[in-house]
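**Q** Before anything else, here's the structure in question.
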Amino acid sequence: MALVKPFSAYRPRKDIVSDVAALPYDVYNRAEAKEVVSANPLSFLRIDRAETAFDDSVDTYAPCVYAKAKELLEDMIDKGEYVLDTQDMYYIYELTMDGRKQTGIVACASIDDYMNGVIKKHENTRADKEVDRITHVDTCNAQTGPIFLAYRAQANIDAVVDNIKKNEPEYSFTSEDGITHRVWLISEPEDVNTIKVSFDGLNDIYIADGHHRAASAVKVGIKRRDANPNTLGDEEYNFFLSVLFPHNQLKILPYNRVIKDLNGLSKEEFFQQISNCFDVVPVDEAYSPEAKCSFGMYLDGQWYKLTAKESIIKDDPVDGLDVSILQDNLLGPILGIEDPRTDKRIDFVGGIRGLGELEKRATTDMCLAFSMYPTSIEELFDVADANMLMPPKSTWFEPKLRSGIFIHKL
C-alpha cells in the first residue's frame, strides 16, 4: 500500500513560471550553470546551483553556497514571486515532446515507502553525490527538484486526469528546448480522494529518475525524525516531492557507449574476437538498433550491425539487458573495461544527442561507438521487482522534469 499524499506547494507566479522553471541541477557543469543563470537571472538553477553566485575560487560545496541558496529562495517568497497554495491538493504536470505527451501527478511520496520497498530502486547511489543534496534540502528547508516516479497505469487516475485536462491549465509554456509544460490543479475533494485511494491500492512504485535526490530526501527525513523524538509521522519531512507517471506514457531513450581504444588489439583481431558472440554485418548508414539484442557499432568511419548470438542471451532480469549483454561479452572480456563506473576509457552518451554525436566522439577523443536499443519500462520494473540493480547508464528518460515549478517546504 503506497502513501502518496496531496500537499500545499509554493509555486511561482504565472507571469514568471517560464523563466523560473529549470532543468535538473545535475545536467550542467559549473561553467554551464553559470552561463544559464547569467542569461536568465530568474532561473531556478541559481538556487539549485547557488555556487553560480560566487567566484570560481569558492568551493561548490562550501557552507556559504547552501546559505546563499536558502537566502535566494526565501527572498523569492518574501517578494511574492513564490506563493503558497491555501489547501492541500494534487497537481497535474504534462510534458509534450515531439508531439508525445506524458502526464504525471505531482504529490509527496513517503520516506517509509522508500525504506520498506514499496518505492523500488534500480540503481545504486553514491554517498558523495547524496551529501550535496542532503545539505541543500536541509539548509533550504525545502525540496525543489521532484523525483521522477512510475507506476502501473490506473484507470481511475486516468479518468480524473483526463477530465481535469479539459479545463484551462494553470500554467502553459514552452521551454527553450521545445518541450511544452502544462499544469492543472486537482483540488476538488472527490477528485483528491479518488487519486489518494487509487495510490493506496498500489504495492509497487518505481524510481525512474532521481535516485540521488530520493535517497537524499529520505536521509534528511530520518535526520529530522532522530532530532524529534515526538515525531508523529505526518510531518512534511516524512515525505518527498515527486511526479508519478503511468508506465504506458513513458519513453526511455538509449544510453549509448563510446570507447577510447581497442585495448591493444588490431582491428582484425578485434573483429575476430567479437564474432565469437555477435554476428557482424556492415551497413550503409548510421545504425540505430530496431530490436533487443542488436547493437550499432561505429569504427573507422564505418557502421556495423551487431546481433547477439543465441548462446549469450539470458532470461535473468539484469543479465538479459542489452547493456549487460554488451558489457559481459564485449566491453569487459575483449576491451578490458571491467568496471564501467570508474574506467576512464568509456563514456556514455544520452540517446537525445543522436547518432551524429557518436560519430563525432569516435573520430575525436574516442575511437569506437556503440548505439543501443533502449531499455524498456517493463525491463526496469522486472529488475526492481527482483530487488536487483541495473548496470550504470542503462536508461535515459526524456523529457526531463523542470525544477522550481513546485516547492515542497519541510
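**Q** Among 135, 86, which is the only one that is touching a residue at least 60 places away in the same chain (Cβ under 8 Å) and either surrounded by fewer than 12 Cβ atoms within 10 Å (Cβ to Cβ) or in contact with a Cys (Cβ under 8 Å, 6 or more places away or on another chain) (or both)?
**A** 86
**Q** Right, something else. Going by the structure shown, is residue 123 in a helix (DSSP H, G or I), surrounded by 13 or more Cβ atoms within 10 Å (Cβ to Cβ) and in contact with a Ser or Thr (Cβ under 9 Å, 6 or more places away or on another chain)?
**A** no
**Q** With respect to residue 123, is the statement that it is at pLDDT below 95 and either within 17 Å of residue 242 (Cβ to Cβ) or not assigned by TED's automatic domain parsing to the domain that holds residue 60 (or both) true?
**A** yes
**Q** Then there is this: Please state which of the following conditions residue 279 fails to meet, knowing it meets all the rest: (1) of a type in the set (Asp, Glu); (2) more than 30 Å from residue 335 (Cβ to Cβ); (3) not assigned by TED's automatic domain parsing to the domain that holds residue 160.
**A** The failed condition is (2).
**Q** Ok, one more. Out of the residues in the stretch 1-30 that are surrounded by fewer than 18 Cβ atoms within 10 Å (Cβ to Cβ) and modelled with pLDDT under 90, which is nearest to residue 193 (Cα to Cα)?
**A** Here the answer is 1.
**Q** Here's a follow-up. Specify which of the listed residues (230, 238) is in the same structural domain as residue 141 (by TED's automatic domain parsing), touching a residue at least 12 places away in the same chain (Cβ under 8 Å) and of a type in the set (S, T, N, Q).
**A** On the way: 230 fails: touching a residue at least 12 places away in the same chain (Cβ under 8 Å).
Testing whether each residue is in the same structural domain as residue 141 (by TED's automatic domain parsing), touching a residue at least 12 places away in the same chain (Cβ under 8 Å) and of a type in the set (S, T, N, Q) leaves just 238.
**Q** Right, next: Go through the stretch 233-276 residue by residue and tally those that are within 34 Å of the chain's Cα centre (by Cα) and either modelled with pLDDT of 95 or more or farther than 18 Å from residue 330 by Cβ (or both). Give the steps one after another, and end with the answer.
**A** Initial filter on the stretch 233-276 (within 34 Å of the chain's Cα centre (by Cα)): 233-263, 274.
Going one step further and asking which of them are either modelled with pLDDT of 95 or more or farther than 18 Å from residue 330 by Cβ (or both), we end up with 233-253, 256-263, 274.
Of the residues in that region, 30 qualify.
**Q** Kindly indicate the residue of the stretch 378-408 that is assigned to a strand (DSSP E or B) and hydrophobic (A, V, I, L, M, F, W, C) and also nearest to residue 100 (Cα to Cα) among those meeting that condition.
**A** Only one residue tops the list, namely 397.
**Q** For the stretch 243-338, which fully contained strands (runs of 3 or more DSSP E) count at least 3 residues that are buried (at least 18 other Cβ atoms within 10 Å of the Cβ)?
**A** It comes to 255-259, 294-299, 302-308.
**Q** Restricting attention to the stretch 346-361, which residues are modelled with pLDDT under 90 and exposed (fewer than 15 other Cβ atoms within 10 Å of the Cβ)?
**A** 353
**Q** Then there's this: In the set 65, 106, which member is surrounded by 21 or more Cβ atoms within 10 Å (Cβ to Cβ), more than 21 Å from the chain's Cα centre (by Cα) and of a type in the set (A, V, I, L, M, F, W, C)?
**A** On the way: 106 fails: more than 21 Å from the chain's Cα centre (by Cα).
Testing whether each residue is surrounded by 21 or more Cβ atoms within 10 Å (Cβ to Cβ), more than 21 Å from the chain's Cα centre (by Cα) and of a type in the set (A, V, I, L, M, F, W, C) leaves just 65.
**Q** Considering each of 291, 227, 286 in turn, give the residue that is in contact with a helix residue (DSSP H, G or I) (Cβ under 7 Å, 6 or more places away or on another chain) and either of a type in the set (Lys, Arg) or at negative phi (or both).
**A** That would be 286, the only listed residue that is in contact with a helix residue (DSSP H, G or I) (Cβ under 7 Å, 6 or more places away or on another chain) and either of a type in the set (Lys, Arg) or at negative phi (or both).
**Q** Looking at residue 343, is it surrounded by fewer than 17 Cβ atoms within 10 Å (Cβ to Cβ), among the charged types (D, E, K, R), under 30 Å from residue 266 (Cα atoms) and in contact with a helix residue (DSSP H, G or I) (Cβ under 8 Å, 6 or more places away or on another chain)?
**A** no
**Q** Out of the residues in the stretch 48-59 meeting the condition of being of a type outside the set (Gly, Ala, Ser) and in contact with a Phe, Trp or Tyr (Cβ under 9 Å, 6 or more places away or on another chain), tell me which one is surrounded by the fewest Cβ atoms within 10 Å (Cβ to Cβ).
**A** The selected residue is 51.
**Q** Follow-up question, since we're still on this one. Checking the structure you have, find out if any residue of the stretch 345-359 is over 30 Å from residue 238 (Cβ atoms), outside any strand (DSSP E or B) and of a type in the set (Asp, Glu).
**A** Yes: the stretch 345-359 contains one or more residues that are over 30 Å from residue 238 (Cβ atoms), outside any strand (DSSP E or B) and of a type in the set (Asp, Glu).
The values are calculated or read from the model by the stated rules, or taken from the named source; none is laboratory data. Worth saying up front: this structure is predicted, and the values here are computed from it rather than measured. Every residue, glycine as well, gets a Cβ built from its backbone with ideal geometry; the counts of neighbours run over all protein chains shown.
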